[in-house]
Amino acid sequence: LRNGAWLSRCPWSCFGLETSIVSLEYEDIDCATHGMVHEYERLLQDLPNPHLQALDVDHLYHLGLTNDRGCLEELLRGIEVVVMGGSRIRAMNFALETIKRLEIKVQNDATMEDLSRSERYSMYRAGPILAVSHGIGNSSISIVLHELTKALKYAGLRKITFFRLGTSGGLGVSPGSLVVTEEVLNGSFEPFLTKIVLGKKVRRSTKLSSQLSLELVKFGSQRGYPVLLGKTMCADDFYEGQARLDGAICEFSEV
């Protein structure tokens with residue numbers, strides 16, 4: 001955005017690819033994100049699921065959309081950037097603020113249309129930017145990324161950059177620091193996302209693009225923000241998984 005930059009990173013849980021968030025001046029988007037565009041372009045050109053070709057209609061259940069009658073092309077035409085956050089309100093507020101800061105012309109300034117037709121997730125458009133809510137945790141974000149990735153492909157889009165905007169606690173960093181994650185760790189402090197597929201564990205690397213990380217740090221530092229590289233632990237649970245003491249069950253202490 002014109003008056004600031006917020007940086008954060010997390011794993012793209014369903015494919016093991018990197019995702020990130022940075023709010024930029026619109027004219028600077030390409031210079032800070034080209035390092036990851038080729039990954040999404042490759043994925044959107046050739047989704048690793050041959051079974052999709054046998055579907056007459058693909059129902060994107062949790063977005064309330066389908067790929068028939070060309071509706072996705074009309075809905076998503078011109079999208080270049082996807083910005084994700086936890087809640088519907090955050091996604092809507094981000095879209096409204098983006099429209100305001102970048103002076104994007106919209107038909108109705110008073111309302112924001114939710115492009116999702118389901119109560120599970122929300123999507124709001126700000127010009128070429130799509131703000132999407134993903135809920136809490138790996139499982140929730142995995143579902144919406146599966147369906148959103150297919151929707152973008154069905155819309156004929158190829159070069160899409162995904163970002164994620166979020167907050168976290170910090171160890172060894174000052175409050176208010178903007179952390180660009182170079183690697184994501186699971187609850188066992190391993191740089192992998194582990195999924196159970198047909199009863200077997202599948203591990204996918206969470207190593208992120210070093211080129212993009214350095215570009216984001218440079219971008220923020222040049223504007224006077226407290227930006228640094230770091231590692232982020234991604235937990236599957238808000239309470240025990242993050243070693244909180246205020247859950248309904250707690251079998252450990254601070255000592």
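Find how much the distance from V197 to A54 grows on full extension, using 0.36 nm per residue of separation minus their present alpha carbon separation; answer in nm with one decimal. Kindly include the intermediate steps, with their values, before the conclusion.
On the way: separation 143, 0.36 × 143 = 51.48 nm, distance 2.15 nm.
Fully extending the segment from V197 to A54 adds 49.3 nm.
Where does each of 178-185, 61-68 land if you order them by average Cβ count within 10 Å, highest first?
By packing density, highest mean first, the sequence is 178-185, 61-68.
Show me the ranking of peptides 215-228, 142-155 by mean Cβ neighbours inside 10 Å, starting with the highest. Working shown, then result.
On the way: 215-228: 16.7, 142-155: 21.3.
The densest-packed peptide leads the list: 142-155, 215-228.
On full extension of the chain, what length is gained from K105 through R204, given 0.36 nm per residue of separation minus the C-alpha to C-alpha distance?
Extra length available between K105 and R204 comes to 31.6 nm.
Given a 1.4 angstrom probe, I'd like the percentage of the accessible area of the stretch 154-255 that is carbon and sulfur, rounded to a whole number.
Carbon with sulfur: 53 percent of the solvent-accessible area.
Could you tell me the calculated FRET efficiency between L47 and Y239, based on Cβ-Cβ distance and R0 = 41 angstrom, to the nearest 0.05?
Calculated value: 0.70.
Apply the Karplus curve 6.51 cos²θ - 1.76 cosθ + 1.60, θ = phi - 60°, to the phi angles in the stretch 65-80 and return the couplings in whole Hz, x for Gly and Pro.
Residue by residue, the stretch 65-80 yields 10, 9, 9, 9, 6, x, 5, 6, 4, 5, 6, 10, 4, x, 5, 10 Hz.
Mind checking the per residue accessible area of the stretch 123-188 for me, 1.4 Å probe, whole number of Å²?
I get 40 Å² per residue for the stretch 123-188.
From the phi angles alone, apply the Karplus equation (6.51, -1.76, 1.60; θ = phi - 60°) to the stretch 134-150 and give each ³J(HN,Hα) in whole Hz, x where the residue is Gly or Pro.
10, x, 10, x, 4, 4, 5, 5, 4, 4, 5, 6, 4, 6, 5, 4, 5
Could you sort the peptides 233-244, 158-169 by per-residue average Cβ neighbour count (10 Å cutoff), highest mean leading?
Most protected by this proxy first, the peptides run 158-169, 233-244.
The values are calculated or read from the model by the stated rules, or taken from the named source; none is laboratory data. This one's a predicted model, so the numbers in the text were calculated from it and none came from an experiment. Heads up, the Cβs are rebuilt from the backbone with ideal geometry, glycines too, and the neighbour counts pull from every protein chain shown. Please note that ligands, DNA and RNA were not included when accessible areas were found on the heavy atoms of the full protein model with its side chains. Shrake-Rupley method; radii C 1.70, N 1.55, O 1.52, S 1.80 Å.
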